[in-house]
Structure formats: structure tokens, C-alpha cells
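Peer 1: Okay, handing you the structure first.
The values are calculated or read from the model by the stated rules, or taken from the named source; none is laboratory data. Note that this is a predicted model, so its numbers are computed, not measured. Neighbour counts run over all protein chains shown; Cβ positions are idealised from the backbone, glycine included. Keep in mind that these areas ignore ligands, DNA and RNA; they rest on the heavy atoms of the full protein, side chains included. Shrake-Rupley method; radii C 1.70, N 1.55, O 1.52, S 1.80 Å.
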Amino acid sequence: MTDTRRKRRLASFIRSVWNDGDVAAVDAYLADTYTIRHDPGDPWEGKALDRSAFRQRVQTLRAAFPDQAFEIQALLADGDGVAMTWLWKATHLGAVADFPPTGRTIRMSGATVYTFDREERLTGHWQIADRLGVYQQLQRNRVIPD
């Protein structure tokens, strides 16, 4: 029963916080501290975030890709974790790293293992994602001024 509940809770978190951009919902889903254990290329990798810092993370990432959406491919539960495979799609409408907005669609895929505490709150994640593919799309889509 816990596995099903955690999968539903994770899907709701992804939809509310990441897809809809509802940063106020962070408080309902996260434990006091959220640790990013492994996420190469993510500026927050290795950091423990309080809820306020996590809200800022969401706002920062959505500023460049305000219509971003994760399409969940699979949810697999084991112990205190739920693994999620996903496809991500967004329009590049704000500056990210050294890339000015292009207005083009960017896509990425990945897998994330989320961990929960006993109160069913998210405590962190371990993730692999195709950030090289994102970089290549941004590089290819770069608009060079005349």
C-alpha cells in the first residue's frame, strides 16, 4: 500500500510543482531538508535545500523554461524510494547558462530516484539526465546576432 501511495504522491508533486509551477505546493510535499545526492550538471548537486531554497530552485529553472512539463514514463517503488523515468519538454524562453532565449522546443529524458520519509515527504533525489543532449540542442539552436 505504501508503494502505491508514494507513487501517487510523487506524480502529484511532479504535476503541481514542476509542470504547473505551483511553488506554494512545495511545503505540502517536501521534508524540512531535501538533498540532491547525485545530479551531474545541476547547479544544486550535492546540496541540502530547505523548502525556501527548493522553491527558489523551481523558480530559477522555470524562468528559462516556463512551460516545462515532465511526462512520467514509469514509476517503480522499492523501500523508501520511488524511481521515475521521464521525458521532459519545454520552450526556451529565458536565458540559461550562456544561452540567450531561442524560443525553440528543448527535449530531455532521464531517470530519478526520489526518497521519502515516514510521513511520505520527499527527502531528496538521485538522478541521471541527458544534459549533454540539452546542451547540444541549445548550441544548435543558438541565435547568433548579426
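Peer 1: Got at least one residue in the range 94-108 being hydroxyl-bearing (S, T, Y), surrounded by 15 or more Cβ atoms within 10 Å (Cβ to Cβ) and modelled with pLDDT of 95 or more? Please lay out each step first, then the result.
Peer 2: So the first thing to find is which residues in the range 94-108 are hydroxyl-bearing (S, T, Y), and the list is 102, 105.
Of the ones still in play, those that are also surrounded by 15 or more Cβ atoms within 10 Å (Cβ to Cβ) are 102.
From what's left, modelled with pLDDT of 95 or more: none.
So far as the range 94-108 goes, no, none of its residues is hydroxyl-bearing (S, T, Y), surrounded by 15 or more Cβ atoms within 10 Å (Cβ to Cβ) and modelled with pLDDT of 95 or more.
Peer 1: Of everything in the range 1-30, what is under 17 Å from V82 (Cα atoms) and open to solvent by 30 Å² or more (accessible area, probe 1.4 Å)? Give them in sequence order.
Peer 2: M1, T2, D3, T4, R5, K7, R8, R9, R15
Peer 1: Does L76 qualify as being open to solvent by 30 Å² or more (accessible area, probe 1.4 Å), part of a loop (DSSP other than H, G, I, E, B) and modelled with pLDDT of 95 or more? Spell out the reasoning first.
Peer 2: Values: open to solvent by 30 Å² or more (accessible area, probe 1.4 Å): yes; part of a loop (DSSP other than H, G, I, E, B): no; modelled with pLDDT of 95 or more: yes.
So L76 does not fit the description; no.
Peer 1: Exactly one condition in (1) open to solvent by less than 60 Å² (accessible area, probe 1.4 Å); (2) among the hydrophobic types (A, V, I, L, M, F, W, C); (3) not in a strand (DSSP E or B) is not met by I36; state its number.
Peer 2: (3)
Peer 1: Further, regarding this structure: On the given criteria, is T102 part of a strand (DSSP E or B) and not hydrophobic (A, V, I, L, M, F, W, C)?
Peer 2: Criteria not met by T102.
Peer 1: Moving on to the next point. Kindly list, by first and then second residue, each pair from a residue in the range 73-84 that is more than 9 Å from V113 (Cα to Cα) to a residue that is part of a strand (DSSP E or B) and not aliphatic (A, V, I, L, M), limited to pairs with Cβ atoms under 7 Å and residues at least 6 apart or on different chains.
Peer 2: That search, which allows pairs on different chains as well, returns Q73/T85; Q73/W86; A74/T85; D80/T115; D80/F116.
Peer 1: Out of everything in the range 39-62 that is open to solvent by 70 Å² or more (accessible area, probe 1.4 Å) and at pLDDT below 95, what residue ends up being farthest from G21 (Cα to Cα)?
Peer 2: Residue satisfying both the conditions and the ranking: E45.
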